[in-house]
Amino acid sequence: MRRAILAVIAGATLLAGSACDSDADAKTEAAATVTAPTAAPTTSAPDYSASTKQVCAKLQTLYTAELRNFGTAMGKMVTYKEAKQTADAEKAEATAAGQLKAAATKIRTETATAEDPDFIVAGKVSASKLESSATDRRYFDKVKTLADLNKTVEAQFSEWLTPVAGYCKTA
């Protein structure tokens, strides 16, 4: 009889213990269900349009000043190259390189004030491309005639300015 009582007590203890464990598991699962979000939080992306528009307006002067002066210097460089006036061609090339550096500085400075971090990065990319061409000068070596200049200038501007131009199309 003693064994029977011990078996009953042991069985009751096991049942009570397992019931507590299952209650604890059920409570944990219920808590996890309650605390788990039912839908993803909705946050809208920041609106950078006003800032972008302001920066693009400032960059517009880049096209009317630095890049126009660059084109003028390039035209002079080609004219001097065709006339075999090497010293003057080199001076005009240096002036054109200076205009590219000025354009790069303006792009870097103006886009640094943008609120959109991607626009800031695009400004750095465009500025780096302009600075690289001003320093490297392979582009200048390719341009020997006005026909060369006319063929390459649009593609070259596109390569240099595409990163920032993508932000200024709709702004």
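Numerical summary
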{"quantity": "Proximal lysines relative to residue 106, as straight alpha-carbon distance under 17 Å, when same-chain residues fewer than 8 apart are discounted", "calculated": "53, 58, 124, 129"}
{"quantity": "Charge dipole magnitude, Cβ of K and R +1, D and E -1 - the range 38-88, Cα centre, debye nearest 20", "calculated": "160 debye"}
{"quantity": "By average C-beta atoms within 10 angstrom, highest first, the peptides 95-103, 80-88, 160-168", "calculated": "95-103, 160-168, 80-88"}
{"quantity": "Charge-dipole axis of the range 88-161 as Lys and Arg at +1 and Asp and Glu at -1 on Cβ define it, positive-most pick from 92, 128, 160", "calculated": "92"}
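Throughout, read-outs are computed from the coordinates displayed, never taken from laboratory work. What you see is a predicted model, and the numbers here were worked out from it, not measured in a lab. Positions of Cβ are generated from backbone atoms using ideal geometry, with glycine treated the same way; all protein chains shown enter the neighbour counts.
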